[in-house]
1. Give region 235-245 a look and list any residue that's at pLDDT 75 or above and not in a strand (DSSP E or B), or say none.
2. Of all residues in region 201-221 being part of a loop (DSSP other than H, G, I, E, B) and closer than 24 Å to Gly183 by Cα, which is modelled with the lowest pLDDT?
3. In region 72-113, what residues are part of a strand (DSSP E or B) and not polar (S, T, N, Q)?
4. Out of the residues in region 143-167 that are exposed (fewer than 10 other Cβ atoms within 10 Å of the Cβ) and charged (D, E, K, R), which is nearest to Ile128 (Cα to Cα)?
5. Do you know which residues across region 197-214 are in contact with a strand residue (DSSP E or B) (Cβ under 6 Å, 6 or more places away or on another chain) and under 28 Å from Ile153 (Cα atoms)?
6. Report, by residue number, each residue of region 345-362 that is closer than 16 Å to Lys315 by Cβ and not hydrophobic (A, V, I, L, M, F, W, C).
7. Taking the conditions exactly as written (out of contact with any Lys or Arg (no Cβ under 9 Å at 6 or more places or on another chain), at positive phi, among the aliphatic types (A, V, I, L, M) and at pLDDT below 85), does Ala2 satisfy them or not?
8. Inspect region 101-123 for any residue being surrounded by 11 or more Cβ atoms within 10 Å (Cβ to Cβ) and either under 30 Å from Leu46 (Cα atoms) or among the charged types (D, E, K, R) (or both) and give the result as yes or no.
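The values are calculated or read from the model by the stated rules, or taken from the named source; none is laboratory data. This is a predicted model, so every value here is computed, not measured. A quick note on method: Cβ atoms are made from the backbone with ideal geometry, for glycine too, and the neighbour counts reach across all protein chains shown.
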Amino acid sequence: MADVTHSSSTQMSGSLSADHILDGSYGFTTSNATVKIASVDDNLFLDGQTIISDGTFVIGTNASKKVIFATDSTAVAQFTTDGAFDLLSGKFLLNGTTGNANQVLKSDGYGNLSWTDLPSQQQAFGNITVSGQNTIQADTTGDTLDFVAGSGITITTDTSNDRITISATGGGASNAFKTITAGGNNIVADSSTDTVTLVAGSNVTIRSDASTDSITISASTSGDANQNAFTNVAAQGQNTIQAGSTTDTVTFNSEDDNTMDSRYAPDRDKVTLETDTDTNKMTLKNNIPKTFSMASKVPVVDTNGTSANVPLRNKFYNISTSGVSGISGGGANLGVSTRALEVTDSSGTVNDVLLPAKSDNSTLQLTVTDKTGTAHTIDMDVAE
């Protein structure tokens, strides 16, 4: 067919309102012909169903326009102005097949695509991280992660229960104390097999029992077993008594005054000690008779029931003697000392009641008459 050249602008015109033509109602029309578009180096041939170029074939737009592909007058795919490929029909065939349900496209790394089933491990971790260590990444969906037992560690698997057990082995004690503090200082273990040694100090014994895994720390018998005992007992104006041992005993004693006349009561001039083990109390009793104090007082009770002490006064009297020489002044009167009880009678006159000596000359005696008229002789205690 001979080439025909046309120059009619009318036949090449279209609708200004048309975005794109999908029904062929506009444009230049030829029948049973191939249109050749020639450039300097290349030629493009078009017929009713084919576009062929003998050079590099480019389909493109400018001025931010899309490239649209259509079938049956319907757009099915397009390249958007931002370079994205938009499959408007939502349908895709590979070698004429859509693949099976839930299959995906897989590349073999050489540009070849094929339909393939989804991996069965959809919830597996792709990365495993350990603080301070490099991240482990799965290379494929079927990649394997190996657990390696380090020193003192064993790893066992249980395929029936899908379980991995990691256990400490060897001499390591997982719950052992690494640091022990004593007296403000820290004892730190240098290794997992290090040993701490307990040393018995003064008056302390340490005993271990390997069968019961026990350690007993006791105060030794040479030490002070009674921590609340008094080591020293002191008395004002006296030497301090010091305990000679942990079981030493301090004794409180009351002794007779051997300078006293033996005719007095056995416990006179003594302090009686009484102990009470229930209350841990010691009672000291003064046994000097209350009836006669060391100041020679006679206790009496007046008509009102009030107790009083009437003192015995030292009195000196002259006694006529004969045949006694050496009396001062050369007279016959000898002055003697005695004790008298001063009594005031109803007239207000003070009279001295002289006390006769007891028959054994051990003391003075006072004779009184009670309200019944009965006379009583009382031995007066006048010893100093």
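1. Listed by number, the residues that qualify are Asn239, Thr240, Ala243, Gly244, Ser245.
2. Step by step, filter region 201-221, then rank; the result is Ser220.
3. Selection gives Ala75, Val76, Ala77, Phe79, Phe85, Asp86, Leu87, Leu94, Val104, Leu105, Lys106, Leu113.
4. So, considering only residues that are exposed (fewer than 10 other Cβ atoms within 10 Å of the Cβ) and charged (D, E, K, R), the one nearest to Ile128 (Cα to Cα) is Asp146.
5. none
6. Matches in region 345-362: Asn351, Asp352, Pro356.
7. no
8. The answer is yes, given that some residue of region 101-123 is surrounded by 11 or more Cβ atoms within 10 Å (Cβ to Cβ) and either under 30 Å from Leu46 (Cα atoms) or among the charged types (D, E, K, R) (or both).
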